[in-house]
Each structure stands twice: as structure tokens, then as C-alpha cells.
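Chemist: Take this structure first; my questions come after.
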Amino acid sequence: MLKLIVRRLPALVFVLFCVITLTFFLIRLAPGGPFDRERKIPPAIEAQLLAKYELDGPLWSQFTGYLADVARGDLRLSTKYRNRSVNEILAQTLPVTFALGGIAFLIATVGGIWLGTFAAVRRDTAADRIAMGAALLGLSIPMFVIGPLLVLVFGLWLKWLPVGGWGSPAQLILPAITLALPFAAVIARLMRTSLLEVLNQDFVRTARAKGLPDRTIVYKHALRVAILPVVTYLGPLAAHLLTGSIVVETVFNIPGAGGFFVHSILNRDGFLLGGVVIVYCALLIVFNLLVDASYALLDRRIRVDA
Amino acid sequence: MLEPGSAARILRRPTAKVCLGILIVVAAAAAVGPELFPESYREPGPLQYSPPTWQHPFGTDLNGRDVLYRVLLGARISLVVGLAGAAVSLFLGTAYGLIAGYAGGKVDNLMMRLVDIMYSVPRLIFILIFINAFDGHLRDFASRMDWPWLVSYSRIVILVITLGLIEWLTMARIVRGQVLALKERPFVQAARVLGQSHTKIILRHLLPNILPIVIVYLTLTVPAVILDESFLSFLGLGIQPPQASWGSLLAEGAQSINPLKIYWWLLLFPAATMSATLLALNYLGDRLRDTLDPRR
């Protein structure tokens, strides 16, 4: 485990460096600056503003200065939300995004694995076809369709659940389901395919010949191996959940980081944008490392540090 | 490999017929439908927020525009972006996978590691930044070159290119896997022994053999690109008014759902059209893939 982390570290730092560089320069390429308003501000004031946000001087020295600050953990000040630091904004909004993403992650994995197993053990029955049809439906309907439809049905017509906002557990249900549904569908399909393959292997036949009950075979022996493709998908899943949370936060009016992300692009708020992207990517990188490390625990045949 | 008869066999299933029917209807309606509307339907009218009637089967929106007309126009943009973006991803993914698989060894390792990394990065987020960074420049360039079509469609062009740029990863992986297996086969070995150039081996011997699976994954890439585009447009960062895609129509629909006023038709009809199209594409792609890889 430690060996794996040490081996991967240079690549991880490199990826993060690329991410920071890309974001920094891309937002600079965009037409319009962070201080463009309807009324042109006097050049003297603009120069002062640029100096305050360390956006003056040659581009290269701006970039190295920014890198040094980021390395120290200072994501600088937002140019739009004056006098609020990016660290402060992220500290307020990220917990919201992570709570939503975390619950959706649980729903997607548990629900997906369950549905996939359910379908695989009932291969080629009506139950299997219905389950897989539902999965196909789940992955074809976009989140921004499911979300408003759920709001319409459960929020406005039946009035069972709140239509949006943040704070109470009831307000979490619809957004978490909306975010999780497409990915639960993907996992269910992965799980079914993989489990069917495993159920044809020799060790399963041995277990059957031994007279083990079906439940034990599936849940104690086959599932352990069949779950590996799902584990491989967890890395991309985390990335998709973070992307998806932007839409779900918009639909349900949730004060997470997603809204700030969208506005930071429109406002050319480079440091806020950079902060969101850096934190997202850093988290995903760490998460992927954990996923890789967990292979070894699930399947002793795989040596990750080799 | 895909046998000639297998596509026909798939189409004999009733579900597949329905799916193909949906695609044909949507594509045909998007292609010619908007032209059939009388002039008065194309402009904002006096009838605001009319629920579905015989005159306006999908109702009208805030500006009194016919929703059916807008859904069909949106279908045009969404389908074109989906097809063109998938084509871009097809070229990129196939080329990348061919090179990685054929080169093998260290090159292959490095190239595939890069794909792994890109898989775990939130790619759409970079696309968002990318589009907003380059759209203005492309439009400036187009107006300097005096290409009026590119001025009005610059955003679509950039969307197509960038979405193609992020959706090629799966294609690259599949192609590479196929090439790894193919290049050990006797006919490729023979070509090598005969001293044929690498380019010739790749184009003449490998490419034709991976074509079927590439085409199958193309059918699955189209809905993926449509989904990506509508995601961006939903956030207001993709297609910009006055143009509309399914994503931007859905954004309007989602806003018109609140406790004070429920204009459900603004949401339901674009949602149903888009979902049916994506479902049909995914279903047909799945069935085609099953015939190539019966284990799935």
C-alpha cells in the first residue's frame, strides 16, 4: 500500500500540475476580464485592482506566483465575490457537494450491485429483462430530466417531498436519487455481465458440486470476484458524480460548489474556478489511489505494487 | 466478428423495430419538420403559455412560440452535434487505439496510462472552460476570414470538436484490445514477414478487421455526445439563444416547474423526445454489441 502511494506520487503531482496550468491559462484565453463591467472602470482603478489580485506583470511571473501560493494551500481571493477568499467559499460549499455526492455514491453502488446481482441470478427470465430494461432507461434519461420530473411528481403533485433547498434530510432524498440513478444503472449492467461470467467458472462449479446452497455460492464466493469491474468503475464514477452534482445542485437549488463553478466561468473568476477544479481533481486523484489499493484487498491475485 | 446477417437478425426483434422506428421518425421530423410549419409558427406569437391544443400540440412557451417547432429545431442541433462529435471521437479513438495496440510495449503502456488518467478526471468540466475560452476567438477569426456561417455556428463547431475530444477514450481502449489480439494472428505476421510497411499493415490488415466493433461503439457514442451537449446547454454554457438544443429547452422547462405555475408541457415534451431518442440509440447499440461479444 505504502509502496503503491510512493510509486504513484510523481505521476499524481504531475497530473495536478497539468490541471492547474490548464485552468490558469484557459480562463486567461477567454475574452473579457474579471473586472469588465457595463461601465468601463478608470484605468488607474483597474491597475490597482489587478495589482491587488496579483494579476499584473508578465503572465509567466503571475503563473509562478500562483503556483507558489497554491502549493502553500492559499487559493487566493475571488475576483467576483470581493474580499472573500476561495478557501472560504470552498469551505462553505464543498461539504454540501460532498454530502450529496457521498449519499449518491452509496445509493448508486449499493443499488447497482443489488440490481445487477438480482438480474444475473435470474438470467433470461422476465425479472432479468425488466431489471435490465430499467437500467437502460436509467442510463438513457439525463439527470436534468429525471430531476425536474421527480420534482413535478413528488414535490408538486403529490407534495410528499420538498422541491429543493438544503438543510433537512427530506430535502436530500430527491437530489441524491436524481444524481445516483444513471450510475446505479451503469453499475447494475457491469455487475450483471461480470457475475454471469464468474458463475460459469470452475470454482463456482466446484462449490455447486460440494452442495453449497445457491445463496452462499453467489454471495460468498462469486460476488467477491465479480465485483472487481465495479471497483474499477468507482474512479470514473466519482468524477461523474462531481460533474453531475453541478446539474443537480442547479435543479434543486442546493448551495454547493457547482453553482460557484458555473458562475466562475461566466464571470472569468479565474482563482475561484481554479480552486474548484484543483480541489475536485486532487480529491479524485486520491480517491483513485484508494480504489487501486483496494484491489489487493479484494483479489489476492492482483499485486498492485508490482 | 459481425456477420452480415446479424444486423438483420437484430432488426427482426419487435423492440428493435420500435427503436429504429423512433429514430427514423425523430430524424426525419428534425430534418424536414421545421420547414413545414407556417411562417406564423416560427416567430413569437401572442399566445403565451398555452397548454397543448390542436393548433399547438406541444403547447407554447413564454414568448408564444410553438413548443413542437422548437423541439424539432432542437433535435436538429442535438442530432447534428451528436453525430459529428461521435465522428470526431471515432477518428481520434481509432487512431489512438491502433497506434497503442500496434506499437505495444512501453509506448502502449504510456498511452493507456494516459487514457486511465483522463478517465478519472472530470472531463466535462475542462470542456466547459475550453468552450468558453475559445468560442470568442473562433468567432473573431471567422468574421475576419468573412465566413458568415462560422460566425453563427462557431459555438456548435467548437462543441462538436471538444465533445469529440473527450468521448474517444472507450473507443481507444476497445480498438487497442482488438489490435493486440489481431496482430499476433498469422495473416498479420505474414504481412510483416513479407516486409510490408507499418502504415500498410495498419490500414490494410488491421483497420478492416476492427471496423465492425468500431461501428458498434459509434452507435453508443452518439447518445453519449448528445447527453454531454445537453448537459452543457442545460447549464447555459453550451448552445446559446436564439439557437436551442434539447438541453437548453429542458433548462427552460425545468425553470417553468415551480409551486406557483406548472407549465408541465414545457418540460415533458422535450424530455420525452430526447429520452426516447437516447433510449432507442442505446438499445440498438447494446444489441449490436451483444452480437459481437456474446458473453455480455
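The values are calculated or read from the model by the stated rules, or taken from the named source; none is laboratory data. Only a predicted model underlies this, so the values are computations on that prediction, with no experimental measurement involved. Ideal geometry is used to build each Cβ from the backbone, glycine not excepted, and the neighbour counts take in all protein chains shown. We work out accessible area using only protein heavy atoms, side chains counted, and drop any ligands, DNA or RNA first. Shrake-Rupley method; radii C 1.70, N 1.55, O 1.52, S 1.80 Å.
Chemist: As I understand it, the value is the acute angle between the Cα axis of helix B:105-119 and the longest principal axis of the Cα atoms of chain B; what does it come to in degrees, rounded to 10?
Modeler: Around 20 degrees separate the two axes.
Chemist: What order do you get for B:108-116, A:75-83 when each peptide is scored by the mean count of other beta carbon atoms within 10 Å, highest first?
Modeler: Sorting B:108-116, A:75-83 by mean packing, highest first, produces A:75-83, B:108-116.
Chemist: Could you work out what % of the accessible surface of region B:118-160 is carbon and sulfur, using a 1.4 angstrom probe and leaving DNA, RNA and ligands out of the count?
Modeler: Answer for region B:118-160: carbon and sulfur cover 67 percent of the accessible area.
Chemist: Let me ask another. Once you have a ≥ b ≥ c as the square roots of the Cα gyration tensor eigenvalues for region A:158-306, tell me rounded if a/c is under 1.5, and otherwise prolate or oblate according to whether a/b is larger than b/c.
Modeler: oblate
Chemist: Which of the lysines could a cross-linker bridge to B:K106, judged by Cα under 23 Å and excluding same-chain residues fewer than eight apart?
Modeler: Cα-Cα hits under 23 Å: A:K3, B:K183, B:K200.
Chemist: Per residue of A:145-151, how many C-beta atoms from partner chains lie within 10 Å of its own C-beta, taken as a mean?
Modeler: The per-residue average across the peptide is 6.
Chemist: Another one. Return one quarter of the surface area of the convex hull spanned by the alpha-carbon atoms of region A:1-116, equal to its mean projected area, in nm².
Modeler: If you wrap the Cα atoms of region A:1-116 in a convex hull and average its projections, you get 11.7 nm².
Chemist: For region B:157-197, what is the accessible area per residue in Å², given a 1.4 Å probe and the full set of protein chains?
Modeler: 46
Chemist: Give me the Å³ per residue figure for the convex hull around the C-alpha atoms of the protein assembly as shown.
Modeler: Taking the convex hull of the Cα positions in the protein assembly as shown, it is 209 Å³ per residue.
Chemist: Take peptides A:155-165, A:278-288 and line them up by average Cβ neighbours within 10 Å, highest first, as a rough protection proxy.
Modeler: Packing proxy ranking, top to bottom: A:278-288, A:155-165.
Chemist: Could you give log10 I(q)/I(0) at q = 0.11, 0.14, 0.18, 0.24 Å⁻¹ for region B:104-196, computed by the Debye formula over C-alpha point scatterers of equal weight, without solvent?
Modeler: -0.55, -0.71, -0.86, -1.15
Chemist: Compute the helix-to-body angle for B:67-103: its Cα long axis versus the longest principal axis of chain B, expressed 0 to 90° and rounded to tens.
Modeler: That helix lies at roughly 10 degrees to the long axis.
Chemist: What size of dipole, in debye to the nearest 20, comes out for the protein assembly as shown about its Cα centre when the only charges are +1 on Lys and Arg C-beta atoms and -1 on Asp and Glu C-beta atoms?
Modeler: 1840
Chemist: Leaving out same-chain residues fewer than 8 places away, which lysines sit with a Cα under 25 Å from that of A:K220?
Modeler: By straight Cα distance, A:K220 reaches A:K210.
Chemist: With the Cα gyration tensor of region B:62-147 in hand, convert its eigenvalues to equivalent ellipsoid semi-axes via √(5λ) and list them largest first in whole Å.
Modeler: 36, 18, 15
Chemist: While we're looking at this one, here's another question. Over region A:145-200, what is the relative contact order in percent, taking alpha-carbon pairs closer than 8 angstrom and at least six residues apart?
Modeler: Reported relative contact order: 23 percent.
Chemist: Taking Cα centroids, how far is region B:205-282 from region A:145-192 in Å?
Modeler: The distance from the Cα centre of region B:205-282 to that of region A:145-192 comes to 19 Å.
Chemist: Right, here's the next one. For region A:97-208, report the convex hull volume of the alpha-carbon atoms normalised per residue, in Å³, without decimals.
Modeler: Once divided by residue count, the hull of region A:97-208 is 120 Å³.
Chemist: Give me the summed buried accessible area for the A-B pair, 1.4 Å probe, to the nearest 100 Å².
Modeler: 3900
Chemist: Would you please give the residues with an amide H less than 5 Å from that of A:L77, counting only those at least 5 places away or on a separate chain, with H modeled from the backbone geometry?
Modeler: It is A:V86, by chain and number.
Chemist: With everything on Cα atoms, drop me the angle between helix B:123-145 and the longest principal axis of chain B, reported from 0 to 90° to the nearest 10.
Modeler: Long axis of B:123-145 versus the principal axis of chain B: about 80 degrees.
Chemist: Just round it to a whole percent: the fraction of Cα-Cα distances in region B:174-275 exceeding 19 Å.
Modeler: 61
Chemist: OK, next. What lysines could a cross-link reach from A:K159, if we take a straight Cα to Cα line under 30 Å and drop same-chain neighbours fewer than 8 places away?
Modeler: Straight-distance partners of A:K159: B:K261.
Chemist: Under 25 °C and 0.890 mPa s, how fast does region A:215-278 diffuse according to Stokes-Einstein, given a Kirkwood radius computed over C-alpha pairs? Answer in µm²/s, whole number.
Modeler: Value of D from the Cα-based Kirkwood radius: 171 µm²/s.
Chemist: To continue, here is another question. I'd like to know how chain A sits against the 2.2 N^0.38 Å rule of thumb: what's its Cα Rg over that expected value?
Modeler: Expressed relative to 2.2 N^0.38 Å, the Cα Rg reads 1.23.
Chemist: Which value, in Å to one decimal place, does the Kirkwood hydrodynamic radius take for chain B when every pair of different Cα atoms is included?
Modeler: 21.4
Chemist: Then there is this: Which net charge results when you count Lys and Arg as +1 and Asp and Glu as -1 among the other residues whose beta-carbon is under 14 Å from that of B:G82?
Modeler: -2
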